[in-house]
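One structure is given here, and the rest of the page talks about it.
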Amino acid sequence: MQKYHIGAEPNRIDQALVEGLGAVEVATIGHFRHRGFVSHRLRPLAPLEHTLVGTAITVAIPATDSTLLHHALSVVRPGDVLVIDRLGDTRHACLGGGVAFAAKVAGAVAVVLDGPCTDAEEIVEVGLPVFCTGISGITTRLNDLGGSLNKPVSCGGVPVLPGDVVMLDNCGVLVLPPDEASQVLEEGAARQARANRNRGRIEAGEKLGDLSGASALVTAGLR
């Protein structure tokens, strides 16, 4: 039976979309959208300076094996986000300093890993943003067990297809289908522009509940 399943190279997302979404916080989109948010178990190894956006390259590898991950680094393009499905394994670290360095040189924007990494300080030094579930000293090997590349995967409870839009910032990771991303950008950019609009009024003594309408709702609910 065939061990490795490799799909076609996905289309890259439009650069204008990358730049537009890069000016929007993930949490801003969380005000109006509820799908596509990767579990908060996946956290960045180091704080990010701004929102990162890239095209999903998907990998699924089992347990102790990272053979296909090493191969995948030969197809990663500048602007890609490498999304790794560990198929339920929570013990073995498939990503360390060496793999992170190779991904960085290949042009990866970031790695989203549904499992632990190792060599955290080295990864941070390399400068590759990584979201993962934690740190492990037990690593994978080239065991040639199989896996998939650029096929549908699951990462942090979210289905990810190759070519999906991936947004990352300090609030988390969001995966968007390309055909929905423009509409999300339009609404997100409008809400981002309105962010913090009430700070001056609150500083002047007005109350958040009055400004948002929450206090009026509570008062009506008490009647």
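Counting Lys and Arg as +1 and Asp and Glu as -1 over every other residue whose Cβ lies under 15 Å from the Cβ of Leu208, the net charge comes to +2. Put simply, the amide H of Thr64, placed in the peptide plane, has no neighbours under 5 Å, leaving out anything fewer than 5 places away on its chain. With R₀ set to 30 Å, the beta-carbon distance separating Glu121 from Leu142 gives a calculated FRET efficiency near 0.80.
Counting only helical runs of four or more DSSP H residues, what would the 222 nm mean residue ellipticity of the chain come to if each run contributes -39,500 (n - 2.57) and the total is spread over all its residues? Don't skip to the answer; put the middle values down first.
Numbers: 9 runs with 68 residues, N = 223.
Helix contribution divided over all residues of the chain: -8000 deg cm²/dmol.
Rounded, prolate or oblate for the range 161-202? Axes are the square roots of the Cα gyration tensor eigenvalues, ordered a ≥ b ≥ c, and the cut-off for rounded is a/c under 1.5. Oblate, since a/c reaches 1.5 and b/c is not below a/b.
Using only alpha carbon pairs under 8 Å that are at least six residues apart, calculate the relative contact order of the chain and give it in whole percent. Mind showing how you got there, number by number?
Working: 469 pairs, mean separation 64.9, N = 223.
Worked out over the chain, it gives 29 percent.
From the square roots a ≥ b ≥ c of the eigenvalues of the alpha-carbon gyration tensor of the range 80-174, which class results: rounded (a/c under 1.5), prolate (a/b over b/c), or oblate? Since a/c stays below 1.5, the shape of the range 80-174 is classed as rounded.
Using Cα pairs under 8 angstrom and six or more residues apart, how large is the relative contact order of the range 1-126, in percent?
Normalised by residue count, the contact order of the range 1-126 is 23 percent.
Efficiency by 1/(1 + (r/R0)^6): what FRET value for Lys207 and Phe32, r their Cβ-Cβ distance, R0 = 25 Å, to the nearest 0.05? Could the numbers behind the result be given before it?
On the way: r = 24 Å, r/R0 = 0.96.
Working from the Cβ atoms, E equals 0.55.
Residues considered: Gly54, Gly146, Gly22. Largest GNM mean-square fluctuation over the chain, using C-alpha springs under 10 Å, is found at Gly146.
Dipole size of the range 101-223 about its Cα centre, with +1 on Lys/Arg Cβ and -1 on Asp/Glu Cβ: approximately 540 debye, rounded to the nearest 20. In the list (i) 60, 44, 24; (ii) 67, 35, 35; (iii) 57, 38, 30, the label attached to Cα extents along the principal axes in Å as derived from the coordinates here is (ii). If every alpha-carbon in the range 7-136 counts as one equal scatterer, what log10 I(q)/I(0) does Debye give at q = 0.16, 0.17, 0.19, 0.23 1/Å? Rounded to two decimals, the profile gives -0.81, -0.92, -1.15, -1.57.
Using R₀ = 41 Å, calculate the FRET efficiency as 1/(1 + (r/R₀)^6) where r is the Cβ-Cβ separation of Arg197 and Ser74; round to 0.05. Don't jump to the answer; show the numbers that get you there.
Working: r = 48 Å, r/R0 = 1.16.
It comes to 0.30.
Dipole of the range 61-113 (Lys/Arg Cβ +1, Asp/Glu Cβ -1, origin at the Cα centre): which of Thr90, Gly107, Leu68 lies farthest to the positive side? Of the candidates, Gly107 comes out farthest on the positive side. If a paramagnetic tag sat 7 Å from the Cα of Ala23 along the Cα-Cβ line, which residues of the range 169-198 would have the backbone N under 17 Å from that point? Only 182-197 pass the distance filter.
Residues considered: Gly107, Gly205, Gly156. Largest GNM mean-square fluctuation over the chain, using C-alpha springs under 10 Å, is found at Gly205. Excluding same-chain neighbours fewer than eight residues apart, the lysines reachable from Lys151 by a Cα-Cα span under 17 Å are Lys3.
Take Glu186: with every protein chain present and a 1.4 Å probe, its accessible area is about 140 Å².
Between Lys104, Lys151, Lys207, the residue with the greatest mean-square fluctuation in the GNM of the chain (Cα pairs under 10 Å linked by springs) is Lys207.
The values are calculated or read from the model by the stated rules, or taken from the named source; none is laboratory data. A quick note: this is a predicted structure, and the numbers were derived from the prediction, not measured. Cβ: placed from backbone, ideal geometry, glycine included. Neighbour counts: every protein chain shown. Each accessible area value is taken on the protein alone, full model and side chains, heavy atoms only, with ligands, DNA and RNA left out. Shrake-Rupley method; radii C 1.70, N 1.55, O 1.52, S 1.80 Å.
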